[in-house]
Amino acid sequence: MGSGFPIPVPALMFQWLDHFIKGVNNGVEKHGFCAFRIEGGTQAIKNAAGHLQAGGSWHEFRTWPPRHMRSTAFYLTPDRGLTTEKSAHGSLSYTYDPTKPLPTVGASVSSGGSVVYPGPYNQVCSSALLPCGTETGPLNARPDVLSFTTAPLDNDLEITGPISVHLWVSSTAVDTDFTAKLIDQYPASADYPGGYAMLLTDSVVRARLRAFRRAGDDYTRLYGIRNQPLIPGEIYEVVIDLWARSNLFPAGHQIRLDISSSNFPLYDANPNTGQPFAQRDLAPLIAHNTIFMGHKHPSHIVLPIRP
């Protein structure tokens with residue numbers, strides 16, 4: 001479908017119910033399995049309202065994930081690159097202080113008022129954004145953020161489907177969080193001399209609950225089994241589910257992955273004590289967290305590339 005494709009959600013819902021519940025032969029099964037908007041495909045140009053004007057178009061897919069999608073691993077490298085080739089062995093560390101969490105600038109939510117701003121915000125803090133306080137500047141300039149980028153793309157690249165981040169990590173704490181953000185890094189332009197780091201999707205994993213891979217897990221029944229504190233210094237694999245996203249990275253853009261341990265107030269800042277959620281009688285602890293890379297510990301992001 002073209003860019004003007006509307007989604008009459010209520011009408012489609014009633015058509016599906018009529019067909020699959022009542023047996024009405026209304027042809028709804030001939031429609032695509034799902035409709036998805038492929039974002040991006042533009043340069044960093046401001047619109048009349050002073051915001052980046054991102055492009056996009058609606059498409060229907062008969063299967064999900066889309067047919068011909070290739071789940072492709074992009075590996076983190078010690079020099080903060082992203083590449084489809086496994087890197088040499090290495091590691092990068094940062095210090096996470098729960099009393100100074102990374103502020104939320106944009107999020108994959110539909111509402112949040114002035115506390116969590118919904119949408120694909122540029123990952124730059126300003127005094128106009130409430131979570132930033134007095135902080136200004138690119139979020140990945142902070143010492144508690146590890147930012148990994150591909151080289152500028154030679155050709156357009158589309159991703160459509162599920163995304164996940166697989167990290168091999170260690171911590172000095174018995175519990176901590178690991179957060180991930182997938183970003184479309186626009187090159188510098190006249191309107192955005194510093195480029196534009198457009199947030200596409202984000203998520204988090206609590207290290208001691210790393211065995212809960214999906215929201216469908218029975219949390220109450222499995223909590224005692226899968227509540228697994230870290231042994232400081234030991235290396236563990238954690239998986240961060242970034243759900244599904246569709247985006248067209250134009251040639252010249254870069255794929256960027258930001259790793260940290262907080263994204264507040266979208267996610268509660270982990271105090272690193274390992275205590276139950278409602279129990280906060282211990283003072284927050286500073287955690288020194290490490291991401292490992294290489295053949296033995298191939299930290300990577302899985303992107304659904306569609307030709």
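The values are calculated or read from the model by the stated rules, or taken from the named source; none is laboratory data. Nothing here was measured: the structure is a model prediction, and the numbers come from that model. A quick note on method: Cβ atoms are made from the backbone with ideal geometry, for glycine too, and the neighbour counts reach across all protein chains shown.
Structural remarks
- Residues that are at negative phi, of a type outside the set (Lys, Arg) and free of Cβ contacts under 8 Å to residues at least 24 places away in the same chain occur in region 95-110; there is at least one.
- For region 174-207, a tally of residues being under 17 Å from His51 (Cα atoms), crowded, with 17+ Cβ neighbours inside 10 Å and acidic (Asp, Glu) returns 1.
- Candidates are the residues of region 259-301 that are of a type in the set (A, V, I, L, M) and either surrounded by fewer than 17 Cβ atoms within 10 Å (Cβ to Cβ) or more than 21 Å from the chain's Cα centre (by Cα) (or both); the one that is modelled with the lowest pLDDT is Ala278.
- All conditions but one from (1) loosely packed, with under 15 Cβ neighbours inside 10 Å; (2) modelled with pLDDT of 95 or more apply to Ser171; the one that does not is (1).
- The criterion of at least 1 residues that are at pLDDT 80 or above and closer than 21 Å to Ala251 by Cα is met by the following strands (runs of 3 or more DSSP E) wholly inside region 25-87: 70-76.
- Ser246 being at pLDDT below 95 and touching a Phe, Trp or Tyr at 6+ places or on another chain (Cβ under 8 Å): yes
- Among the conditions (1) touching a Ser or Thr at 6+ places or on another chain (Cβ under 8 Å); (2) on the phi < 0 side of the Ramachandran plot; (3) crowded, with 20+ Cβ neighbours inside 10 Å, the only one that Asn122 does not satisfy is (1).
- Going through (1) hydrophobic (A, V, I, L, M, F, W, C); (2) outside any loop (DSSP other than H, G, I, E, B); (3) over 30 Å from Gly133 (Cβ atoms) one by one, Val238 falls short only on (3).
- Close pairs from region 118-140: first modelled with pLDDT of 95 or more, partner among the polar types (S, T, N, Q), Cβ under 6 Å, at least 6 apart: Cys125/Thr136; Thr136/Ser126; Leu139/Gln123; Asn140/Ser147
- Figure legend. Inter-residue proximity from region 157-173: first residues at positive phi and touching a residue at least 40 places away in the same chain (Cβ under 8 Å), second residues surrounded by fewer than 22 Cβ atoms within 10 Å (Cβ to Cβ) and not small (Gly, Ala, Ser), beta-carbon distance below 6 Å, spacing 6+ or different chains. Indicated pairs: Gly161/Pro65; Gly161/Met69; Gly161/Pro304.
- Among residues of region 264-280 that are among the basic types (Lys, Arg), those with a Cβ under 9 angstrom from a residue that is at pLDDT 85 or above, sequence gap 6+ or separate chain, pair up as Arg280/Pro271; Arg280/Thr273.
- Within region 257-286, the set of residues being in a loop (DSSP other than H, G, I, E, B) and either in contact with a strand residue (DSSP E or B) (Cβ under 9 Å, 6 or more places away or on another chain) or acidic (Asp, Glu) (or both) comprises Ser261, Ser262, Asn263, Pro265, Leu266, Tyr267, Asp268, Ala269, Asn270, Asn272, Asp281, Ile286.
- Region 88-109 - residue that is surrounded by 17 or more Cβ atoms within 10 Å (Cβ to Cβ) and assigned to a loop (DSSP other than H, G, I, E, B) and, of those, nearest to the chain's Cα centre (by Cα): Ser108
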